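Below is a structure I'd like to ask you about.
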Amino acid sequence: MNKEQKTSIIKMRSDGMTFSEIANHLQLSINTVKSFYRRNAKTKPQFETCMHCGKPIEQTIHKRQKKFCSNKCRNSWWSAHPQNRRPKKIYSHICAYCGIAFQSDRANSKYCSVKCFADARRKGNRI
Ligand SMILES: [Zn+2]
Ligand SMILES: [Zn+2]
C-alpha cells in the first residue's frame, strides 16, 4: 500500500464510503483496508444516546453525529457543564509525511508528530 492509498482510505471513509467500496476503488483486499483503517484512523466516539437525558437519538447517516435529542437537552446540558464551553477549535489534517489522519488545534499543521516533522526535514535535506 502506498501513501496515496493510505490517504485515500482515510478520506473515502470520512466521506462515508464502505470498506468494500474503498477496497474495490483502490484494488486492495477488504481486509487490508479494514486493518489499516482500524490501526490508523481515530474513530469518533458514538453518541447514540442523548448526553443529557439518555434517550436514544436518531442519527442522520453521513451527517455529524448529534449528542442531544433536542435543543432543550443541549441547553440544559451546557448550563450544567459551563466549564466545557468554548472548546478549542480542532482541525483535521493528513500528515504530509506518513499519511496518517490526525487532529491539531493549529490550522496549518502538516505533520502528525515531531518525529514525522524531523523525518520529513531530514529527507528533504538529503535530496
Ligand atoms: Zn435528551
Ligand atoms: Zn506522520
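Every residue in the stretch 35-54 that is in contact with a helix residue (DSSP H, G or I) (Cβ under 9 Å, 6 or more places away or on another chain) and either modelled with pLDDT of 75 or more or not in a loop (DSSP other than H, G, I, E, B) (or both), please.
Within the stretch 35-54, F36, Y37, N40, C50, M51, H52, C53 meet the criteria.
May I ask you to verify whether R106 is at pLDDT below 90, more than 26 Å from G16 (Cβ to Cβ), under 17 Å from the mean Cα position of the chain (by Cα) and not assigned by TED's automatic domain parsing to the domain that holds S8? Walk me through how you get there before you give the answer.
Values: at pLDDT below 90: yes; more than 26 Å from G16 (Cβ to Cβ): yes; under 17 Å from the mean Cα position of the chain (by Cα): yes; not assigned by TED's automatic domain parsing to the domain that holds S8: yes.
So R106 fits the description; yes.
Of all residues in the stretch 9-33, which are modelled with pLDDT under 90 and surrounded by 14 or more Cβ atoms within 10 Å (Cβ to Cβ)?
Hits for the stretch 9-33 are I9, I10, M12, R13, M17.
Restricting attention to the stretch 66-114, which residues are within 25 Å of K11 (Cα to Cα) and within 14 Å of ligand 1 (Cβ to nearest atom)?
K66, K67, listed by residue number.
The values are calculated or read from the model by the stated rules, or taken from the named source; none is laboratory data. From a predicted model like this one, the values you see are computed outputs, not experimental measurements. Reconstructed Cβ throughout: ideal geometry from the backbone, glycine too, with neighbour counts over all protein chains shown.
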